[in-house]
1. For the chain, what is the mean residue ellipticity at 222 nm derived from helices alone (per DSSP H run of n ≥ 4: -39500 (n - 2.57); sum divided by total residues; nearest 500 deg cm²/dmol)?
2. When ranked by the protection proxy of mean other Cβ atoms within 10 Å per residue, highest first, what sequence do the peptides 104-117, 41-54 form?
3. Ranked highest first by the average count of other Cβ atoms within 10 Å around their residues, in what order do 79-85, 141-147 fall?
4. Helix 134-149 versus the longest principal axis of the chain: what angle, 0 to 90°, nearest 10, using Cα atoms?
5. With 5 Å bins from zero, work out the P(r) of the range 37-150 over every alpha carbon pair and list the percent per bin.
6. Going highest first, how would you order 86-92, 124-130 by mean Cβ packing within 10 Å?
7. To the nearest 0.05, how large is the calculated FRET efficiency for HIS33 and GLN115 if R₀ is 41 Å and r is the Cβ-Cβ distance?
Amino acid sequence: MVDAHAKTGGHMVATMDVPRKSTSCYGVLDVSHEIGRIAHACGMVEKPRPDVAPSTLAVVGRYILDGSIFNRLDALRPGAGGELQLTDAINADVDTVGVTGFRFAGERFDCGSVQGFVQATVAFALERADFDGEFTDFMVRRLQQNTIAA
């Protein structure tokens, strides 16, 4: 059972629901219970196959970690994909400091891929008032060129 410290501290990760078929691309929480947008985890699995994923609540790359994580990282061994997985270090602390997920709301881009990074950059630029006009005109011209070429 998680002690009182874990209820006020511990590891917190940003999460969002993903399609079950996509669970193998993320660390996924094994949720014990939820209160509002907070999911209390009893475990975490890195890149589980969809048929064995404990949920569809995926970790999406933002963390607030307890200092104990550094001891776990020092002792870490290769995990999923033969790589060192931060998920494994976080999961090792689930019973001592606790792990919670905060359900992210909003638009998310996978900036770990070139396509996602470009999409995020364009979305950001389109929302900036100081880019209005010139950038929008550029995008329209590029889209027209691509449409004509296709």
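Every number here is computed from the coordinates shown, using simple stated rules; none is lab data. Predicted, not measured: the structure shown is a model, and the values here were computed from it. We place every Cβ from the backbone using ideal geometry, glycine too, and count neighbours over all the protein chains shown.
1. Details: 5 runs with 48 residues, N = 150.
The helix-only estimate for the chain comes to -9500 deg cm²/dmol at 222 nm.
2. Values: 104-117: 11.5, 41-54: 17.2.
The peptides rank, most packed first, as 41-54, 104-117.
3. Details: 79-85: 13.3, 141-147: 9.6.
Most protected by this proxy first, the peptides run 79-85, 141-147.
4. Orientation of helix 134-149: about 80 degrees from the principal axis.
5. That works out to 2, 9, 13, 15, 16, 11, 8, 7, 9, 6, 3, 0, 0, in percent per bin.
6. Values: 86-92: 22.3, 124-130: 10.0.
With the highest mean Cβ count within 10 Å placed first, the list reads 86-92, 124-130.
7. Values: r = 36 Å, r/R0 = 0.88.
Efficiency, rounded to the nearest 0.05: 0.70.
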